[in-house]
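Please treat every number below as a calculation from the coordinates, not as lab data. Values in this document were obtained by computation on a predicted structure and should not be read as measured data. Quick reminder, even Gly has a Cβ in these numbers, built from the backbone with ideal geometry, and neighbours come from all protein chains shown.
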Amino acid sequence: MSGFEGSFLGANDRISLRAIMECKICWTPYDPKEGDDTRQVPPGTPFLALPEDWKCPNCDAPKEQFLVSEDPGSDAVRDAEALAERTRALEADFTEIWHGKMRDVPMVNKVLHVQAVAFQLHEGRPLGILISPWFMNLVQLAAEGEDWSDLIPGAKEVISFPSGDYEFIHNTRETVGGYKACSLFSPMGEFRSQAQAVDVAEAVMVALFNDENRAETDRSADIRAAREAEIEAADAAEAAEAEAGAEDSQTTAPEALPEAPTRRQVISAGLANEA
């Protein structure tokens, strides 16, 4: 079939699999959800998948005489194409950074490459995870027609999601334009493969919209404050032990200490190393 006389000038690729078509002779509709009992076409068959000799069940008009009545999938198709174009630009921009500036930096993980993962439209704005050999960030791009070129690099903004509130940093790139990024991992040394990083990124996107995670997220400040208090107590105890040990060392030979994390490292669970 070459096209439809009144549908996008015969451009079949602009008609989605969910399109509801209508005969322009007798106005009989073809809905993919229902199929066509008269021609033994099962429900779920898109109009584009109908046999070439299929005809209107009411007036026998050929397929070429059918017009688009409504197309619930057209908006989704256009959104998906626009989103793919935006994420390709994002990947290209940071791939250029990788090859131009970051490849020889010691902190990078060379088993990884730049990849945009699980991007979707959230309140009209592209949102997803950007993986690179040196970071994994939650990234939000401007909506269609929205200008973020005046974002001030380094400025911070808290954005709310069902799972909690997250701090994003503003930035701009010549190709991508303005964007907002929330750091998830940096550096990326703990990842052993690109597939592992992608799995984590996809899991983060699922968890981001799970409101059951909000209680844990909202308690993060309280948890950190409690840990910092414990760290101070541990530091004071260590200082007292060191002072006592210095006095004892004048009369007793020092013992070899095992190679183990300090109490500060254990209590802070790695927070001691965070900025």
Check your understanding: Which lysines, on any chain, are close to K24 with Cα under 16 Å apart, when same-chain ones fewer than 8 places away are left out?
Key -> K55, K63
Practice item. Would you list, by chain and number, the lysines whose Cα falls below 20 Å from the Cα of K101, excluding same-chain residues fewer than 8 positions away? Key: K110
Review point. Points 7 angstrom from Cα along the Cβ direction at T175 and Q40: gap in nanometres?
Key: 5.3
Review point. Using the per-residue mean of other Cβ atoms lying within 10 Å as a proxy for protection, in what order, highest first, do the peptides 131-137, 189-195 fall?
Key: 131-137, 189-195
Exercise for review: Please compute the net charge surrounding P72, taking Lys and Arg as +1 and Asp and Glu as -1 over other residues with Cβ under 13 Å from its Cβ.
Suggested key: -2
Practice item. Evaluate the distance, in nm, between pseudo-label points positioned 7 Å from the Cα of A82 and of L67 along their respective Cα→Cβ axes. Key: 2.6
Check your understanding: How far apart, in nm, are two points set 7 Å out from the Cα along the Cα-to-Cβ line at D150 and at N213?
Key -> 3.3
Check your understanding: If you add up the charges near P43, with Lys and Arg at +1 and Asp and Glu at -1, over every other residue whose beta carbon is less than 12 angstrom from its beta carbon, what do you get?
Key -> -3
